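A short worksheet on the structure shown next.
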Amino acid sequence: MMSIDVIRNGPKYTFEDYLTWNDGKRWEIIDGVIYLMSPMPSLEHQKISVNLVQNFAAYLKGKKCQVFHPPFDVRLPKENEHSKKASTTVQPDITVICDSNKLDSKGCKGSPDLIVEILSPSTSKHDTITKYKLYEQNAVKEYWIVDPLNQLVSRFHYDESLKEYKKPEYFSREDIIIPIIFPDLQIKLEEVFPEIVEDYEDE
């Protein structure tokens, strides 16, 4: 199960600080506050991530857009921040980027076109509130929140005129989801979500 430790006290951190943390742990910084993410997602989380990445990778082969999974850093600098001094750096579960100018040796600088976050019980608030607001503020075109427990995908689409996400659309295991940015890609969610097998203990 993934967990989050939030370190709010102390100085505000930047991407430069982040690059010095070579301890093998998964860190994120949002508005200078550091979050320590557990490196052990559940088996269901891993299966869903692999299945979605495979769908995107197969579709994007030979196209300009690219798909990435952790460890992959996304810097979201504010208007007055150099990318090296970015006070926000995150590692989404899945990132799709179509502008190659946003890619460098350190990952992505600027807003991706599509981000997917896969919920864990202890990260649901972080993904549904903190990161939702972050991605909305940075005009990420499409944001998916995947709920393994309920086998549900919530899809948010950024409205350029309103400068906010539209109301979410929901997709269950029986549905086919079509990315808004890729209208000819059909992903069967029954092939993404693993079959539910109830755990049991030997008598």
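Look at P77 and say whether it is exposed (fewer than 15 other Cβ atoms within 10 Å of the Cβ), within 30 Å of P183 (Cα to Cα) and in contact (Cβ under 8 Å) with a residue 24 or more places away in the chain. Please lay out each step first, then the result.
Working: exposed (fewer than 15 other Cβ atoms within 10 Å of the Cβ): no; within 30 Å of P183 (Cα to Cα): yes; in contact (Cβ under 8 Å) with a residue 24 or more places away in the chain: yes.
Spelling it out, it is not the case that P77 is exposed (fewer than 15 other Cβ atoms within 10 Å of the Cβ), within 30 Å of P183 (Cα to Cα) and in contact (Cβ under 8 Å) with a residue 24 or more places away in the chain.
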Screening P121, P112 for residues that are in a loop (DSSP other than H, G, I, E, B) and surrounded by fewer than 18 Cβ atoms within 10 Å (Cβ to Cβ) leaves only P121
Flagged pairs (Cβ under 7 angstrom, 6 or more apart or on separate chains; first in the range 128-157, closer than 10 Å to F171 by Cα; second of a type in the set (F, W, Y) and in a loop (DSSP other than H, G, I, E, B)) are Q151/F193
Would you confirm whether any residue within the range 142-149 is over 14 Å from V96 (Cβ atoms), touching a His at 6+ places or on another chain (Cβ under 8 Å) and not aromatic (F, W, Y)? yes
The lone exception for I48 - which of (1) over 16 Å from the mean Cα position of the chain (by Cα); (2) modelled with pLDDT of 95 or more it fails: (1)
Out of T130, T95, report the one residue that is out of contact with any helix residue (DSSP H, G or I) (no Cβ under 8 Å at 6 or more places or on another chain), at pLDDT 95 or above, assigned to a strand (DSSP E or B) and surrounded by 17 or more Cβ atoms within 10 Å (Cβ to Cβ). T95
Subset of the range 19-32 [closer than 14 Å to P77 by Cα and either touching a strand residue (DSSP E or B) at 6+ places or on another chain (Cβ under 9 Å) or part of a strand (DSSP E or B) (or both)]: E28, I29, I30
Starting from residues that are of a type in the set (V, I, T) and under 21 Å from L43 (Cα atoms), keep the ones in the range 158-203 and report whichever is modelled with the lowest pLDDT. V197
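Can you pull out the residues in the range 11-35 that are among the β-branched types (V, I, T) and closer than 17 Å to K131 by Cβ?
Taking the range 11-35 and keeping what is among the β-branched types (V, I, T), we get 14, 20, 29-30, 33-34.
Within the range 11-35, I29, I30, V33, I34 qualify.
What number of residues within the range 29-43 are surrounded by 17 or more Cβ atoms within 10 Å (Cβ to Cβ) and within 26 Å of I177 (Cβ to Cβ)?
Initial filter on the range 29-43 (surrounded by 17 or more Cβ atoms within 10 Å (Cβ to Cβ)): 29-30, 33-35, 37, 41.
When the remaining residues are screened for being within 26 Å of I177 (Cβ to Cβ), the result is 37, 41.
Result for the range 29-43: 2.
If you take the residues of the range 82-104 that are among the charged types (D, E, K, R) and without any contact (Cβ under 8 Å) to a residue 60 or more places away in the chain, which of them is farthest from F15 (Cα to Cα)? Explain how you work it out, then say what you get.
To start, the set of residues in the range 82-104 that are among the charged types (D, E, K, R) comprises 84-85, 93, 99, 102, 104.
From what is left, the residues that are without any contact (Cβ under 8 Å) to a residue 60 or more places away in the chain are 93, 99, 102, 104.
Values: D93: 19, D99: 21, K102: 16, D104: 14 Å.
Among residues in the range 82-104 that are among the charged types (D, E, K, R) and without any contact (Cβ under 8 Å) to a residue 60 or more places away in the chain, the one farthest from F15 (Cα to Cα) is D99.
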Select from the range 30-83 the residues that are touching an Asp or Glu at 6+ places or on another chain (Cβ under 6 Å), over 27 Å from D99 (Cα atoms) and not hydrophobic (A, V, I, L, M, F, W, C) and list them in ascending order. Y35
Which of (1) in contact (Cβ under 8 Å) with a residue 60 or more places away in the chain; (2) buried (at least 21 other Cβ atoms within 10 Å of the Cβ); (3) touching a Gly at 6+ places or on another chain (Cβ under 7 Å) is the odd one out, the single condition L52 does not satisfy? (3)
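The values are calculated or read from the model by the stated rules, or taken from the named source; none is laboratory data. None of these values were measured; they are calculated from a predicted model. Virtual Cβ from ideal backbone geometry, glycine too; neighbours counted across all protein chains shown.
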